[in-house]
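Undergrad: Dumping the structure here so I can ask a few things about it.
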Amino acid sequence: MKPNELLAAINEFGSPLYIYDAHKITSQYNRLVDAFENVSSLRIHYAVKALNNIAVLQHLKGLGACLDTVSIQEVQLGLTAGFAASDIIFTPNGVSLEEIENVAALGVQINIDNLSILEQFGTKHPKTPVCIRINPHVMAGGNTNISVGHIDSKFGISIHQMPHVLRIVENTEMTINGIHMHTGSDILDIDVFLYASEILFENATHFNDLEFIDFGSGFKVPYKEGDIETDIEELGQKLGDRFNAFAKAYNKPLTLAFEPGKFLVSEAGKFLVQVNAVKQTTSTVFAQVNSGFNHLIRPMLYGSRHEIHNISNPEGKERFYSVVGYICETDTFANNRRITEITEGDVLAFDNAGAYCFTMASNYNSRLRPAEVLWKDGNAILIRKRETFEDLLHHQIPLEDIVSL
Ligand SMILES: *Cc1c(COP(=O)(O)O)cnc(C)c1O
């Protein structure tokens with residue numbers, strides 16, 4: 001998507017605007033498939049929570065993807081987008097037994113991550129095959145916000161509790177058809193990931209009816225030039241070979257599954273905003289844009305760094321800016337960032353705005369959520385209308401409508 005194409009989209013659909021490059025999603029998907037070409041059965045479950053627009057889900061379905069979901073509503077979105085229930089896995093954390101039962105009744109693969117629910121579900125539904133999420137206690141990355149492998153993590157069943165799992169499985173006579181881990185984002189070191197995988201293989205040998213082994217996700221994507229990213233090709237080669245050896249020894253056909261979110265959609269997305277004001281203080285120059293953490297919260301929530309380009313003046317001289325929002329709170333997108341000279345009215349483009357951006361947007365400050373556009377075959381296609389004031393009122397009940405008062 002070139003600057004002039006992005007500016008044309010702003011002219012057509014207004015700002016702020018999310019725009020996703022379908023071709024980038026396709027190429028990332030194909031990269032992953034190609035990296036694991038030596039594995040005969042591969043399933044890629046796209047993590048819906050990263051970006052849940054149904055047009056995006058349908059694009060991924062067209063590529064052959066399955067879905068990874070964390071709520072019954074994500075399951076329903078997937079079914080609405082046209083996915084078969086059998087192509088969806090449900091990997092919730094801390095949801096009610098009832099929600100899990102409702103999802104299982106739809107025919108979706110259940111993944112259970114705690115002993116209490118495993119025991120209750122197995123007792124009531126011993127005929128429904130279940131996948132278990134284990135926690136191998138391997139730290140990925142090192143940022144405690146996104147690492148879910150540590151010993152006191154709320155995610156997964158500790159490997160140290162495996163004897164308890166086996167006792168539940170034996171007593172309930174339930175079937176375990178999959179084993180899963182998701183150690184959290186940012187696999188920088190493939191050896192760490194392979195080490196965690198060994199723990200998964202080791203524990204997989206306890207079960208005789210496995211159909212798949214799910215390695216979750218955590219693929220790191222570059223946020224700026226020169227950033228380290230997960231070497232998918234190396235991972236495909238090494239894990240693929242190891243998986244094939246395990247499957248051979250296991251003596252039953254096994255599927256290798258992944259659940260990437262960020263890897264598939266992060267780089268495909270741009271978030272476009274307009275500069276309302278350029279404000280000088282004694283020490284800095286602020287570019288104040290028509291957005292805030294109500295539309296893109298990752299910089300404030302996780303300290304994520306999103307590259308920002310002035311696409312209205314791409315060839316201009318670079319200056320230092322602090323890019324801030326219009327929310328009545330501190331909402332700094334970027335501090336002291338080198339950006340080509342900004343004039344009021346210019347359009348700024350945020351990179352890596354495909355994953356965990358729109359899906360985390362809110363109506364804080366009673367602002368409307370942006371429109372979403374899919375860029376495909378040279379066309380900008382509207383896939384979500386900008387919210388309207390009526391949307392803010394939808395579901396609210398004014399006092400004068402309450403007859404009992
Ligand atoms: C969030 C999540 C993913 C996707 O993680 P990414 O870092 O976006 O690839 C995969 N599996 C589970 C269980 C998740 O909760």
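Undergrad: Given 0.36 nm per residue, what is the gain on full extension from Lys385 to Ser86 after removing their alpha carbon distance, in nm? Don't skip to the answer; put the middle values down first.
TA: Details: separation 299, 0.36 × 299 = 107.64 nm, distance 3.05 nm.
My answer for the length gained is 104.6 nm.
Undergrad: Oh, and also: About the Cα centre of region 1-97, what is the dipole size in debye to 20, counting +1 per Lys and Arg Cβ and -1 per Asp and Glu Cβ, all else neutral? Let's see the in-between values first.
TA: Values: 6 positive and 8 negative charges, 13 e Å.
Result for region 1-97 is approximately 60 debye, rounded to the nearest 20.
Undergrad: Based on the alpha-carbon gyration tensor of the chain, what equivalent-ellipsoid semi-axes (square roots of 5 times the eigenvalues) come out, in whole Å, largest first? Spell out each step's value before the answer.
TA: Values: eigenvalues 323, 129, 77 Å².
The equivalent ellipsoid of the chain has semi-axes of 40, 25, 20 Å.
Undergrad: Let me ask something else about it. Under a Cβ-Cβ cut-off of 10 Å, what is the net charge of the residues other than Gly261 that fall near it, where Lys and Arg count +1 and Asp and Glu count -1? Each step should come with its number before you reach the end.
TA: Details: positive: Lys49, Lys262; negative: Asp68, Glu259.
Local charge sum for Gly261: 0.
Undergrad: Still on this structure: Suppose every K and R has +1 on its Cβ and every D and E has -1 on its Cβ; what is the size of the dipole of region 269-393 about the Cα centre, in Debye to the nearest 20? Intermediate results must be reported in sequence, preceding the final value.
TA: Values: 14 positive and 14 negative charges, 35 e Å.
That gives region 269-393 a dipole magnitude of about 160 debye.
Undergrad: Using only Cα atoms, tell me the angle between helix 3-13 and the longest principal axis of the chain; keep it within 0 to 90° and round to the nearest 10.
TA: Between helix and principal axis, roughly 90 degrees.
Undergrad: Want the number for Lys248 to Asn276: 0.36 nm per residue separation, take away the alpha-carbon distance, what's left? Don't skip to the answer; put the middle values down first.
TA: Numbers: separation 28, 0.36 × 28 = 10.08 nm, distance 6.13 nm.
That pair, Lys248 and Asn276, stretches by 3.9 nm at full extension.
Undergrad: Sort out for me the Cα centre separation of region 6-57 from region 324-400, rounded to whole Å.
TA: 19
Undergrad: State, to one decimal in nm, how far the label point of Asn30 lies from the label point of Glu198, with both points 7 Å from Cα in the Cβ direction.
TA: 3.6
Undergrad: Measure nothing fancy, just the Cα-based angle from helix 72-81's long axis to the longest principal axis of the chain, in degrees from 0 to 90, nearest 10.
TA: For helix 72-81, the angle is close to 80 degrees.
Undergrad: Rounded, prolate or oblate, given the Cα gyration tensor of region 36-261, with a/c below 1.5 counting as rounded? Please report the intermediate quantities before stating the final value.
TA: On the way: a/c = 1.41, a/b = 1.15, b/c = 1.23.
Rounded shape, in that the Cα axes give a/c under 1.5.
Undergrad: What translational diffusion coefficient, to the nearest whole µm²/s, does region 269-393 have by Stokes-Einstein, given a Kirkwood radius computed over alpha-carbon pairs, a temperature of 20 °C and 1.002 mPa s viscosity? Before the final figure, lay out each step's value.
TA: On the way: Rh = 15.1 Å.
D, rounded to a whole number, is 142 µm²/s.
Undergrad: Next question, about the same structure. Among the listed pairs Lys224/Lys385; Lys124/Lys248; Lys154/Lys220; Lys154/Lys262; Lys2/Lys24; Lys49/Lys220, give every one whose C-alpha distance is greater than 24 Å.
TA: Working: Lys224/Lys385 30 Å; Lys124/Lys248 34 Å; Lys154/Lys220 22 Å; Lys154/Lys262 21 Å; Lys2/Lys24 13 Å; Lys49/Lys220 16 Å.
The answer is Lys224/Lys385; Lys124/Lys248.
Undergrad: I would also like to ask the following. Taking the Cα centre of the chain as origin, work out the dipole magnitude from +1 charges on Lys and Arg Cβ and -1 charges on Asp and Glu Cβ, in debye rounded to 20.
TA: Working: 32 positive and 49 negative charges, 61 e Å.
The calculated dipole for the chain is roughly 300 debye.
Every number here is computed from the coordinates shown, using simple stated rules; none is lab data. This is a predicted model, so every value here is computed, not measured. Cβ: placed from backbone, ideal geometry, glycine included. Neighbour counts: every protein chain shown.
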